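Have a look at the structure below before the remarks.
No value in this document is a laboratory result; all are computed from the given coordinates. Fair warning: this is a prediction, and the values are worked out from it, not measured in the lab. Positions of Cβ are generated from backbone atoms using ideal geometry, with glycine treated the same way; all protein chains shown enter the neighbour counts.
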């Protein structure tokens, strides 16, 4: 092995020049290596396998992140609120969450903004009653005094699903205080365990979990918001639901990450809008045949589930104002729903 010795004590101009050149070479080499490595972008979402967030899960499975010279790291959390709180703790760049929870974070001095939306169309939510209680719980009014499982947030922030559930039962004349709310995780294991363990009388959950519970013989559909026969329409029913959020501070510090995240998401949404439900499920790589069938059926029944390009629709923004008023969400003085949205990148071609 050849040893190279630099005598820094000798004021030799040629040696100083050689050392300077070597230092520059090593620095250049390091920068080239870093440039060649894909940038890691981290996102928190509830799940896994939660239908509103399938486009996010599809990004690495379709290789979209690699095509754009990035690596998307997806981390799962029991609820969207917990996913957002973990992002604010510095453990991720972005989070997937229900839009109506954002004002609570702003109120607590933790500013967040939505940069793209995922969902559209009818909310895919249902109340599933335990099969052995189906004869005694025949309507939402029968939930008075019963235990309803729903994903809950933190001590200070309700989850989006909890807000929707409370609004829905109140539309049937049932006050939220008349229902016993039991916390469950926003995963199939969470809703399955609550029903199989009989710790709840019913659950409020999303497609395809509701269909899977029925298929497993654990429950029956009490009511579904996506069913056109549903007689009750929530205030602001077409409100903004699943969105990707970050902080203004991160946008200011790393605008290139926002651009990359938006570009990846738009490609995933465009692919999803053209793919068949079977294609989507195949790409997700779901092992359980029953779950694959449930998801294909749900996506077939809800063909407009995803926004095709991630942009924010004025009609849905207005519906969000109506929904937030109905559930008692207030923005700080002088603030509007539009202030919770930064869609500069999603509007770019």
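Between residue 199 and residue 318, what is 0.36 nm times their sequence separation minus the Cα-Cα distance? Round to one decimal in nm.
Length gained between residue 199 and residue 318: 39.0 nm.
Per residue, the convex hull spanned by the Cα atoms of the stretch 58-114 measures out at 96 cubic angstrom. Classification of the stretch 220-323 by its C-alpha gyration tensor yields an oblate form. The axis ratio a/c (a ≥ b ≥ c) is 1.5 or more, and b/c is at least a/b.
Across the alpha-carbon set of the stretch 100-141, the Rg to Rh ratio works out to 1.25, Rh being the Kirkwood radius.
Only DSSP H runs of four or more residues enter the estimate; each adds -39500 (n - 2.57), and after division by the residues of the chain the mean residue ellipticity at 222 nm equals -11500 deg cm²/dmol. Quick check: from the Cα gyration tensor, does the stretch 71-153 come out rounded (a/c under 1.5), prolate or oblate? Since a/c reaches 1.5 and a/b is larger than b/c, the shape of the stretch 71-153 is classed as prolate.
If the Kirkwood radius is taken over C-alpha pairs of the stretch 125-224, then at 25 °C and 0.890 mPa s the Stokes-Einstein diffusion coefficient equals 188 µm²/s. Given the stretch 130-174 reduced to its alpha-carbon atoms as identical point scatterers, what log10 I(q)/I(0) does the Debye formula return at q = 0.24, 0.31 Å⁻¹? Taken in order of the listed q values, log10 I(q)/I(0) reads -0.92, -1.13.
Given 25 °C and 0.890 mPa s, compute D for the chain with the Stokes-Einstein relation, Rh being the Kirkwood radius over Cα pairs; round to the nearest whole µm²/s. The Stokes-Einstein estimate is 112 µm²/s.
Considering Cα pairs under 8 angstrom that are at least six residues apart, work out the relative contact order of the chain and quote it in whole percent.
RCO, the chain: 24 percent.
Only Cα pairs under 8 Å and 6+ residues apart enter the sum, and on that basis the relative contact order of the stretch 98-204 stands at 34 percent.
Against the compact-protein benchmark of 2.2 N^0.38 Å, the Cα-based radius of gyration of the stretch 291-349 scales to 1.54. Extending 7 Å from the Cα toward the beta-carbon at both residue 138 and residue 215 defines two label points whose distance is 3.0 nm.
Label-to-label distance for residue 171 and residue 336 is 2.6 nm, based on points extended 7 Å past Cα in the beta-carbon direction.
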